[in-house]
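Read-outs throughout are calculated quantities, based only on the coordinates presented, and are distinct from any laboratory measurement. Just so we're clear, the structure is a prediction, and the values are computed from it rather than from any experiment. Note that we place each Cβ from the backbone using ideal geometry, even for glycine, and neighbour counts take in every protein chain shown.
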Amino acid sequence: MALQHICLQLASLGHRCQLSSDRGYLAVADSLLKNYAAQRQLLAEYRCPADQRIQNFLNNYLRRNGIEAEIKLPGETFNLNEKGIARELSLPFNSNVYKSDLVSSYRVAQGVLHNPKNDRRTTSGVFHIVEGGLPIPADKKAVPVDVYANLLQVALDPPTELMGLPIASENDKPVDMWVSLLLRPIVRPEVEGELFEKSLETRFFAPGTLVSNLDFVESIFGNGGDPFLAENDAALDADHWTGHSGCVILAPHLTRLTKKALGLPHYDEASERQRKEGMCWKRDDELYNDGGAFKIVCRDMTGVIVTIIADNYFGYSKKEIKSQISYSANLFGGAEEEHSGGAIAFPRFNLGNYYLPKVEAEMSSHTFSRLCKQLEGGIAIKPEGYAIDNQYPDIIYIPEDAHIDMQEQFISWRKEDELQKIKLRVKHTYIYPSGFKVHMQKHPQAPSWRLIGTLGEGTFCHKPSTVSGGGKSEISKSIQDSMISGPVFVGDFKENLDQVEAIINHDYSKRRREVSENDNRGVLSNQRSLGSVIRLLTPSTEIYTDEYNQWLEAIPQYILALVYMIKRFYKPQWGKNWRKHFSVDEVNGYPGHELKYDGRKLITSYLRVGVRSDGTWRIYKLRQDFVAATKVQTEDDITASTVVPVSYIEGTLNKRYKNPSVKLVKNCESRLFQRPDDAINRGLDTQTESDLAEDGNFISNFEPLTSEDARTLVEDAINFQDYSAPMQDLIRRAAEAEDGEYFVSSAHPRIVDGEHSKNVRYLQKRPDLANPRNMYLAQTGTRLSRGLSLQQPVHFPVNAVLQGRRNNPEDKAAGIRPLAVYNPIHYQELPELFMDLICSLTGKSPSTTGAGSEGALTKGPFNALSTTADLNNALVSFILCDYAGYSSAAGHIGAGRKVDHDISMLIPEIWCRLPIRHRDPSYLIKKGHLEKIEDFEHEGHRVYASRLGYRITEKFVHAFFGKVFDSPTIVFDEQMLRPETQGMDAYVDGINNIVEAQQTVARAYIEDGSINDACPPLQAVLHIMAEGRYEGKTIDDPSIREMFTLDYLLESDWYKERLVIKQQRDAALWQMNKNYIEQKMDETNESVTELWAQLQDQAENAEQMLEWINSDNYLERLQGTLGADWIHKGA
């Protein structure tokens, strides 16, 4: 059917179809096609509504700046009216390979593989902006309007070799034409019952050869349909349109143009800025932008943005949509586009073989009868006293006093004094009225099964403002892939247990330095949890006496592990006879070394936290009862967010949080452009191997492998078995395929310049869309936990902000200074935090070709506006929501500790297990869990270490990492917690690197005048970054720090101005909507009753909205929201 659709569309555009032998349907449609062709000639100048809006903007912009020539957008294009057509067009219909100078494409067993000429993007000198509109920031290159007009003219007249559609590339007569796509990217998420979701419209044009780029962006952002149909006209969708239009034109041939031919001045006639940015020439043959990739943006305050991209690397296409979402969010107001990852993490627990809930706590508020009322209409209630979910029959709701017995395989409870039972089944989830979920799970490395419990309410960990390689994707990944398991070994069994018994019987009443805090609870006391025992037996120089620490340090780690193991399985009824439950086999007449519990061999788990210089893992034992949290991914890269006061959604939130306003987010992408760094190691990234073994994939920067390659892989039995089962199955199928067919192995990156590409990519279907049951469980558990009915929305506001850093040691050969000065977790108060965000300094990342400042909030290079708008919005958001600025480290901690993304994945495990009050920085500082880093003198120079804020201490590790590890202070030792102990010179140079970069960036804001568009608190910070003081005050001055408080914000004139601007822009948008609707009514005959009635309803709605928006009540209702930024004070 897809081929028929394509043939019909090609025929309607005057092209002969040679894509199949069956062309009977074309004969049937012949008269219709001729009729359409005649209409097409009469309407040659007609543009769809979106294109006309963009064309009007270009005409006005050029004319306003003295360019009289009218440069027209492509008129006749192959419109991608349905999703999936682009993929069919991107490869020959009768061949599996297509190659051009810019891309090599393959039809592979799992979908399509497209390898562009460049395997990654660069951010150096790439971003150009046209003069004549809004001010151009110092980090972008300014392009004269006449030069832009010439670039646009050439962009829209590509050479013939770029125009051929790959699908027809092997035909006698190629098909040369433009391909176009309509997108509706999300700008603001819906707040159910309060705010509609908002989106902009974007038109994407590509020469035929590059249709794979449109397949790429369509896969991520969806397909907006036929742009010529009224139902897809954004201006007739007033409730959901931001009023903004975007356009993207792919034109890689522009890199061949010379500066002189485009109209740039000679060096002698150029301005200082043009000389600095290379926008002039000395030799006639100098290429524009030195012949490298670039993008050029034309925009102003009218709400239209047009971008030309002179490269076909897929990342540029995606980032441009991101840029246009950001542009729309800033102009629209009340929304942010964030460079963010995120996940809702739900703590899970090993419940063992039997679970009996604490009935008193359950029955106090959460009962089965209440559950039935909450979920009425969504469940089938059974007479025995349980219920089955209507949507997922494997989700079962059980009473609050239900006992779950895994050994007997039954769940039981009493109803009206009669015992009721149901079978306990695998792959079923059982939910208590509190939202607590229980399921059976086999140990991943052992034959044993256990009951796993999951809390109803999770913690939304938001990772915004995260640099490339900082762990945006990793925060949502399970740590399970980094875990390994094995048997529990003992040395001399009797001797080891004697040592354990001595520890159990030890007197702990004199261990603390603070005598008043001592107690003598025993190791096996039911008043001590396993976590409490781990803290008890973990040395701490600050908490425990020297004598007690010396005693602890003398205990071998394997003995401590045995203590924790015995504590994990101990039951009070054993009393002192715990030893008889543990044993080893006899081997060759001697006691063996594998520990057993009640005759069952024990298995323990370890977690990787870092890699040594030789590539070996740093592995640490996990608590015996540890189970990785379940995570529901919410973000990966491009996030649309909004901030609303709690009053908007009162009664639906977790009441334990006290934020005055909350941030709500939505992932703008339906597929995620993943870079599976670990997939080259077979079996390590099982998720990627599973994803790449499925059909329908879009893959890039992998090697196309043949059936012969597959057979070679299968024959290498030793290495082949390292793959996970899905990838093994795929390769076996590929080995049986015919010659000329291809597949991709997760462990075989594309070869670029003789080396493996470090930027392998694929589009992963968003996990919450691929497995909607997980999100359903998250919503249901949360609904029950909060006491919400099915009619009430379940909101997941951000609970914790955990930004990511990419740190690297010094690389002298590459000229990269050290940046690895942070320990695993830092906290910064807002002034220091925004110094970081303004600069967004990053180390080396596989995504890009360099290191350095990525600009404000890490998306500076992709920002079409001054970054002050994003910064102002982010600051208002932080203050309104009272979020604390935490960050985690990726890459390196100090020069010698490589951690990659291990900490990025680990932090949510800790955060979701922390009580809410324990995440409060004031609590952590008071308890000594965070230490302030102070400035210091080094070799006669001041080192501004206070810019790093606060960092976690041994006390933090001692108190909280025992929730995961047996020996937390070994995992995070002094060298991890204090990177300066790895080398003071490198530490100092790293801090100087940060401070100097911040100074350079801040000076650019002052020099280009964009500092005037920053809000007052950020103006103060920028001056201090650049000059050390603001109005004679340092960053520590109380009056400076007061500017970052909620009371100051709400009383400030500049915040009130933001609210007024938002009101004015909303009014202008609805007036524009009303005018357009009335224009359409004038153009529509009243006899077209359905359309006329719709337009009339829309006109009445627009009138009502205008009345409401212009009222004082509307302005008052904006209090506690972001408002809208002024963008530029002179605009």
What residues of region 95-135 lie in the reach of a label at Arg711, counting those whose backbone N is under 19 Å from a point 7 Å from the Cα along Cα→Cβ? 109
Considering the zone a paramagnetic label at Ile970 would reach in this model (a point 7 Å from Cα along the Cα-to-Cβ line), which residues of region 500-541 have amide N under 12 Å from it? 538-539
Report the extension gain between Phe493 and Ile619 in nm, rounded to one decimal, defined as 0.36 nm multiplied by the number of residues separating them, less their alpha carbon distance. 42.9 nm
For the Cα atoms of the chain, what angle does the longest principal axis make with the long axis of helix 1016-1027, in degrees from 0 to 90, nearest 10? 80
Using only alpha carbon pairs under 8 Å that are at least six residues apart, calculate the relative contact order of region 672-765 and give it in whole percent. 46
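Say the cut-off is 20 Å between C-alpha atoms; which of Lys318/Lys765; Lys382/Lys415; Lys322/Lys631 go over it? Spell out each step's value before the answer.
Values: Lys318/Lys765 16 Å; Lys382/Lys415 12 Å; Lys322/Lys631 25 Å.
As for pairs spanning more than 20 Å Cα to Cα, those are Lys322/Lys631.
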Read through the labelled values [x] 1.17; [y] 0.98; [z] 1.05 and report the label of the one computed as Rg/Rh (Cα atoms, Kirkwood Rh) from the structure. [y]
By average C-beta atoms within 10 angstrom, highest first, the peptides 372-379, 466-473: 466-473, 372-379
Longest principal axis of the chain (C-alpha) makes with the long axis of helix 49-64 (C-alpha) an angle, in degrees to the nearest 10, of 70
Assuming R0 = 25 Å, can you tell me the calculated FRET efficiency for the pair His266 and Glu131, based on Cβ-Cβ distance, to the nearest 0.05? 0.85
Would you mind checking the pairs Lys99/Lys898; Lys477/Lys926; Lys621/Lys655; Lys663/Lys1129 and listing those with alpha carbons more than 30 angstrom apart? Lys99/Lys898; Lys477/Lys926; Lys621/Lys655
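For the pair Thr1000 and Asn771, what calculated FRET efficiency results from E = 1/(1 + (r/R0)^6), where r is the Cβ-Cβ distance and R0 = 51 Å, to the nearest 0.05?
Details: r = 46 Å, r/R0 = 0.89.
So, using R0 = 51 Å, E works out to roughly 0.65.
For the chain, give me the percentage of DSSP beta bridges that are antiparallel, rounded to the nearest 5 percent.
On the way: 125 of 163 bridges.
Among the beta bridges of the chain, antiparallel pairing accounts for roughly 75 percent.
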Cut-off is 10 Å between beta-carbons; in what order do Val995, Val187, Val179 appear when sorted fewest neighbours first? Val995, Val179, Val187
At a Cα cut-off below 14 Å, give the aspartates and glutamates reachable from Lys437, other chains included and same-chain residues fewer than 8 away excluded. Glu362, Asp389, Asp394, Glu400, Asp401, Glu457
Could you tell me how far the Cα centroid of region 468-508 sits from the Cα centroid of region 630-694, in Å? 29
Starting from the Cα-Cα distance between Thr1084 and Cys372, subtract it from 0.36 nm times their residue separation and give me the gain in nm to one decimal. 251.2 nm
Over the chain, what is the relative contact order in percent, taking alpha-carbon pairs closer than 8 angstrom and at least six residues apart? 13
For the chain, longest principal axis from Cα atoms; helix 145-155 axis from its Cα atoms; angle between them, nearest 10 degrees, is 90
Name the residues whose placed amide hydrogens come within less than 5 Å of the amide hydrogen of Arg414, ignoring near sequence neighbours (fewer than 5 apart) on the same chain. Gln420
Excluding same-chain residues fewer than 8 positions from Lys601, which lysines have a Cα within less than 16 Å of its Cα? Lys442, Lys580
May I ask you to sort Asp1082, Asp768, Asp722 by Cβ crowding, counting other Cβ atoms within 10 Å and putting the fewest first? Asp1082, Asp722, Asp768
Within 10 Å of each residue's Cβ, count the other Cβ atoms and sort Arg656, Arg817 from fewest upward. Arg656, Arg817
Give the cysteines in the chain for which no other Cys Cβ lies under 4.7 Å away, or write none if there are none. Cys48, Cys247, Cys280, Cys298, Cys372, Cys461, Cys668, Cys839, Cys881, Cys912, Cys1015
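Just subtract the alpha-carbon distance of Gln557 and Ile751 from 0.36 nm times their residue separation and send over the number in nm, one decimal. Mind dumping the intermediate values first?
Details: separation 194, 0.36 × 194 = 69.84 nm, distance 4.49 nm.
Stretched fully, the Gln557-Ile751 segment lengthens by 65.3 nm.
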What is the list of residues in region 556-593 whose amide nitrogen lies under 18 Å from a point 7 angstrom out from the Cα of Gln407, following Cα to Cβ? 568-575, 577-583
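Taking the highest mean first, how do the peptides 227-234, 753-760 order by number of other beta carbon atoms within 10 angstrom per residue? It would help to have the intermediate numbers written out before the result.
Numbers: 227-234: 16.9, 753-760: 15.0.
Top of the packing list down: 227-234, 753-760.
R0 = 25 Å: FRET efficiency of Glu384 with Ser789, Cβ-based, nearest 0.05?
Rounded to the nearest 0.05, the efficiency is 0.55.
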